[in-house]
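The following block contains the structure, expressed as structure tokens.
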Amino acid sequence: MHGDNNKSGPKTLTILLPGGSLPFAVLRKVDELAAKYSFDLYLSTAQNLRLYNITESDLSPIKDELISFGVRLKGPGMFPLPRICIGNSSCNLGQIDTMAFSDRILARFGKMTKVKPKFKIAIAGCPAACSNPVMTDIGIIATRQGFDIYLGGKGGPKPKAARRVVRQADEEQVLKVIGEVVEFHNNTAAKKQRIGKLLDNPDFPYREEV
């Protein structure tokens, strides 16, 4: 369940869509539920599908039907789904299959529980960086020489570009960096703290820009 629900008023549910891929079966199920319960849809910038303007009495039956259908819903403590560009499956600039790499990250970390918010991950299949990794907490950019890793970016009213901390990494090195950064964030961060606020901590594992 999405965290923006208030105690009163319309409710929301967010369907997790790894890599922004929306299966037709899920779309048909959501259409069926929308006709039955009358709510609205929003494709979020996090590449998930948000159901909103749900009446409180309809929230539980919609949630139950979606879970029974096999849909995974957003909830507290979950590892964030990487935001990705289309990658080399449909872009001649792409250096990698971004969906496959996102799946590998989720296979390693997706079952983590009690993950502290609020950090995000983005993967770009080439230096054009369409998924905006440099403005993301953990940004990964594929190049012809490997992966460049950026940490500490964010948007908002005080945007901040990320710091490049690793160059020309292979996939296993990227997974290692993610694991170390997430572990440090979990052990050190205050509630909903962005990674950028940890970069200058003397114990942060990747402080130097390269």
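A short reminder: the numbers here are calculations on the coordinates, not readings from a lab. Note that the structure is predicted; figures quoted are calculated from it, not measured. In this analysis, Cβ positions are derived from the backbone assuming ideal geometry, glycine residues included, and neighbour counts consider all displayed protein chains.
Be a star and scan region 167-210 for residues whose amide nitrogen sits under 12 Å from the point 7 Å along the Cα-to-Cβ vector of residue 160.
Answer for this model: 193-201.
I would also like to ask the following. Expressed as a whole percent, how much of the Cα-Cα distance distribution for region 125-171 exceeds 14 Å? Present the calculation step by step, with values, prior to reporting the outcome.
Numbers: 474 of 1081 pairs.
Roughly 44 percent, rounded to a whole number.
Going by a ≥ b ≥ c, the root eigenvalues of the Cα gyration tensor, does region 154-194 fall in the rounded group (a/c under 1.5), the prolate group (a/b larger than b/c) or the oblate group?
Values: a/c = 3.43, a/b = 1.31, b/c = 2.61.
Oblate, since a/c reaches 1.5 and b/c is not below a/b.
Let me have the 222 nm mean residue ellipticity of the chain computed from DSSP H runs of 4+ only, each contributing -39500 (n - 2.57), with the sum over all residues rounded to the nearest 500.
Working: 4 runs with 58 residues, N = 210.
Result for the chain, helices only: -9000 deg cm²/dmol.
If I take R0 = 35 Å and measure r between the Cβ atoms of residue 143 and residue 190 in this structure, what FRET efficiency does the formula 1/(1 + (r/R0)^6) give, to the nearest 0.05?
Working: r = 34 Å, r/R0 = 0.97.
For residue 143 and residue 190, the calculated efficiency is 0.55.
Ranked from highest to lowest mean number of other Cβ atoms within 10 Å per residue, what is the order of the peptides 135-143, 27-35? Show your work: numbers first, answer last.
Values: 135-143: 24.3, 27-35: 14.2.
Ranked by mean Cβ neighbours within 10 Å, highest first: 135-143, 27-35.
For labels at residue 42 and residue 173 in the simple 7 Å Cα→Cβ model, what's the distance in nm?
Taking the simple label geometry, residue 42 and residue 173 are separated by 4.0 nm.
OK, next. List the aspartates and glutamates whose Cα sits under 17 Å from the Cα of residue 118, skipping any in the same chain fewer than 8 residues away.
Filter leaves 4, 137, 180, 183.
Also, quick follow-up: Take the Cα coordinates of region 1-122, assign each an equal point scatterer, and use the Debye formula without solvent to give log10 I(q)/I(0) at q = 0.10, 0.13 Å⁻¹.
Normalising to I(0) and taking log10 leaves -0.34, -0.57.
Moving on to the next point. Given a cut-off of 32 Å, name the pairs among 29/154; 36/120; 63/114 whose C-alpha atoms lie farther apart than that in the structure shown.
29/154; 36/120
Select from region 133-210 those trypsin sites (Lys or Arg not before Pro) which occupy a DSSP coil region and have at most 15 other Cβ atoms within 10 Å, ordered by residue number. Show your work: numbers first, answer last.
Details: sites: 144, 154, 160, 163, 164, 167, 176, 191, 192, 194, 197, 207; in loops: 144, 191, 192, 194, 207.
Qualifying residues, ordered by number: 144, 191, 192, 207.
Then there is this: Going through the DSSP H helices of the chain, which span 24 Å or more along their own axis at the Cα atoms while scoring at least -1.0 as a mean Kyte-Doolittle hydropathy? Intermediate results must be reported in sequence, preceding the final value.
Working: long enough: 171-188 (26 Å, -0.27).
Length and hydropathy pass: 171-188.
Give me the one-decimal nm value for the distance between modelled label points at residue 52 and residue 91, 7 Å along each residue's Cα-to-Cβ direction.
With each label point 7 Å from Cα toward Cβ, the separation is 2.6 nm.
From zero outward in steps of 5 Å, how is the percent of C-alpha pairs of region 52-210 spread across the bins?
Answer for region 52-210: a P(r) of 2, 9, 17, 20, 18, 14, 10, 6, 4, 1, 0 percent.
Put a dot 7 Å past each Cα toward the Cβ at residue 207 and residue 114; how far apart are the dots in nm?
Placing both labels 7 Å along Cα→Cβ, they lie 2.8 nm apart.
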